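The values are calculated or read from the model by the stated rules, or taken from the named source; none is laboratory data. Please read these numbers as outputs of a predicted model, since none were measured by experiment. A quick note on method: Cβ atoms are made from the backbone with ideal geometry, for glycine too, and the neighbour counts reach across all protein chains shown.
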Amino acid sequence: MVGTKALAYDIKVENADGVTIYYNYINDGKELEVTCYGYSGSVVIPEEVTYMNRSRKVTSIGENAFDGCSELTSVTIPNSVTSIGKSAFYYCMKLTSISIPNSVTSIGVSAFQHCINLTSVTIPNSVTSIGDVAFAGCTSLTSVTIGTSVTSIGEGAFNGCSGLTSVTIPNSVTSIGDYAFFFCTGLTSVTISNSITSIGAQTFCYCTSLTTVTIPNNVTSIGDYAFSSCSGLSSVTIGTSVTSIGEGSFIVCSGLTSVTIPNGVTSIGDYAFENCTGLTSVTIPNSITSIGESAFSGCDIPEVISKIENPFNIDANTFSNNTYLNATLSVPAGTIGKYKATEGWKKFVFIEEGNGNNPSDKDKCEKPTISYTNGKLTFNSATEGAICQSTITDSDIKTYSSNEVQLGVTYEISVYATKAGYENSETVTATLCWIDVEPRTEGVTNDVANVRAVAIMIQNEGGLLTINGADDNASIAVYDLNGIQVGSAISNNGVAYVNTNLCRDSIAIVKIGNKSVKVIIK
């Protein structure tokens, strides 16, 4: 037995290719894990090892197994391995690619940290957790596919992956750790799934190439400095369930020109939008009960729209001096006296009743959701008492002059919410279609045609397609009209998300299995 911990092992066995691999016994001696030694070149880990006439499965790559193996160029991981341990491939600087088999369920802390030449990673659907700083410092990493069973992305998981240009976080993920994508300076787009409920501190800090962000409606909190120093960020859509915007959340987002804070947010943290020098207008909802120190300092904002009916004291540095001296503060009708008597707000020289570009001061109905179950469409707006107005058209009713007709049923749905005293909501669209499935059960009985089919609901928002109703593990591909694939996904629990980046009003072809549906991008 070697005397240092770094080179400790229970057995060593030479492969058929002449490479010796070192192992420790685990699981009461019934299984093996690969342990650390000075590996180099190409290493093939066998699925099973025979030693002293006893065969055992290799089920784990242990902690530090390939740590610091700077001459390691490739590793083959067998399907018997279920876990990749802490720092397993730490500082393997010549490793350019890695194939993680579908048997792996967890990737440990620092597992691939500082693999500076690793260019692409596919995390299979079997993986449920990605450990803290698992891929941190992988500066050449340009492509990451995150499997649809991952539920948590650890702190700093992709910290410093400056080559990463886009990432889609699947619907299975419920939590993203602090600074998970910190300093991913090449990241231009990110799709945050509807399952996420919170965005951690510094999650996307210094993602300087990020231009637009949509924070989904299930998110309730935006962590401290979550998007700070995202200097290329020009547009942010904040979900309607967000209740708190953390300290410094958007500090130094100099490209941000306007922000609408949804009704429901109760607090804006210190320095939240400090030095967002491009801001031209800010809308503050009536739900806000606190605005932190220097929240909008360093921003010379021409227009501030406050819907707060009972203003509270704010710090003298909440807004910049130029904003106080030159901006128009628009306030609800009948409240101008309150604002002129309230600390902080009374520093505004120009206060007007009415809400600037929205003089009626009406709240806006929340966008409705669309669902389909057992032959019934259901629309729902979070605005209490709102009525959903829908239009449904059948795009397949046509007249034919041929002896053969390919049947299909497709409905185009559009719906908006309305309520007296409120602005109408934005219009939401969806495509509902039925595709026949195998095995077929079709024919004509009592003059009624029968065919077994499954209903598919496709919704899109800004090029992000949500496909509901497909069978689990169904392959879904999206193409533009030139036949170029612009996205793909695997359905998980009947849902798939595909980020297409297609322009508004363009047409996408969604292929589910061998069936295709046309969708207009809204």
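The figures follow:
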{"read-out": "Top-ranked residue of region 52-81 - restricted to ones that are assigned to a strand (DSSP E or B) and charged (D, E, K, R), ranked as farthest from the chain's Cα centre (by Cα)", "value": "ARG54"}
{"read-out": "Any hit, region 244-258, residues being farther than 23 Å from GLY487 by Cβ, touching a strand residue (DSSP E or B) at 6+ places or on another chain (Cβ under 7 Å) and aliphatic (A, V, I, L, M)", "value": "yes"}
{"read-out": "Matching strands (runs of 3 or more DSSP E) fully within region 251-323 where at least 3 residues are closer than 24 Å to LYS340 by Cα and out of contact with any His (no Cβ under 9 Å at 6 or more places or on another chain)", "value": "281-284, 303-306"}
{"read-out": "All strands (runs of 3 or more DSSP E) inside region 454-503 with 2 or more residues being surrounded by fewer than 21 Cβ atoms within 10 Å (Cβ to Cβ)", "value": "464-468, 475-479, 485-490"}
{"read-out": "Region 407-434 residues that are not assigned by TED's automatic domain parsing to the domain that holds ASN468 and at pLDDT below 85, paired with ones that are among the charged types (D, E, K, R) and in a strand (DSSP E or B) (beta carbon under 7 Å, 6 or more apart)", "value": "none"}
{"read-out": "Qualifying residues in region 485-499 (those that are within 22 Å of TYR372 (Cβ to Cβ) and of a type outside the set (Gly, Ala, Ser)) - the one modelled with the lowest pLDDT", "value": "ASN493"}
{"read-out": "Top-ranked residue of region 194-210 - restricted to ones that are outside any strand (DSSP E or B) and modelled with pLDDT under 90, ranked as nearest to ALA136 (Cα to Cα)", "value": "ILE196"}
{"read-out": "Of residues in region 69-91 being out of contact with any Asp or Glu (no Cβ under 8 Å at 6 or more places or on another chain) and not aliphatic (A, V, I, L, M), the one surrounded by the most Cβ atoms within 10 Å (Cβ to Cβ)", "value": "CYS69"}
{"read-out": "Number of positions in region 140-151 that are crowded, with 18+ Cβ neighbours inside 10 Å and within 19 Å of THR203 (Cβ to Cβ)", "value": "4"}
{"read-out": "SER297 vs. criteria surrounded by 15 or more Cβ atoms within 10 Å (Cβ to Cβ) and among the small types (Gly, Ala, Ser)", "value": "yes"}
{"read-out": "Matching strands (runs of 3 or more DSSP E) fully within region 82-148 where at least 3 residues are more than 23 Å from ASP178 (Cα to Cα)", "value": "97-99"}
{"read-out": "Members of region 54-96 found to be among the basic types (Lys, Arg) and over 17 Å from CYS138 (Cα atoms), listed by number", "value": "ARG54, ARG56, LYS57"}
{"read-out": "Output for region 326-355, where each listed residue is hydrophobic (A, V, I, L, M, F, W, C), in a strand (DSSP E or B) and buried (at least 16 other Cβ atoms within 10 Å of the Cβ)", "value": "LEU329, VAL331, ILE351"}
{"read-out": "Breaking point among (1) within 21 Å of SER488 (Cα to Cα); (2) touching a residue at least 24 places away in the same chain (Cβ under 8 Å), for TYR206", "value": "(1)"}
{"read-out": "Verdict on GLU274 being crowded, with 22+ Cβ neighbours inside 10 Å, in contact (Cβ under 8 Å) with a residue 24 or more places away in the chain and closer than 26 Å to SER229 by Cα", "value": "yes"}
{"read-out": "Number of the exception - SER229 against (1) on the phi < 0 side of the Ramachandran plot; (2) surrounded by fewer than 24 Cβ atoms within 10 Å (Cβ to Cβ)", "value": "(1)"}
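Here is a yes/no grid of residues against (1) over 24 Å from VAL127 (Cβ atoms); (2) aliphatic (A, V, I, L, M); (3) touching a residue at least 60 places away in the same chain (Cβ under 8 Å); (4) surrounded by fewer than 13 Cβ atoms within 10 Å (Cβ to Cβ):
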position: VAL13; (1), (2), (3), (4): yes, yes, no, no
position: LEU32; (1), (2), (3), (4): no, yes, no, no
position: CYS36; (1), (2), (3), (4): no, no, no, no
position: GLU47; (1), (2), (3), (4): no, no, no, no
position: GLU63; (1), (2), (3), (4): no, no, no, no
position: PRO101; (1), (2), (3), (4): no, no, no, no
position: GLY108; (1), (2), (3), (4): no, no, no, no
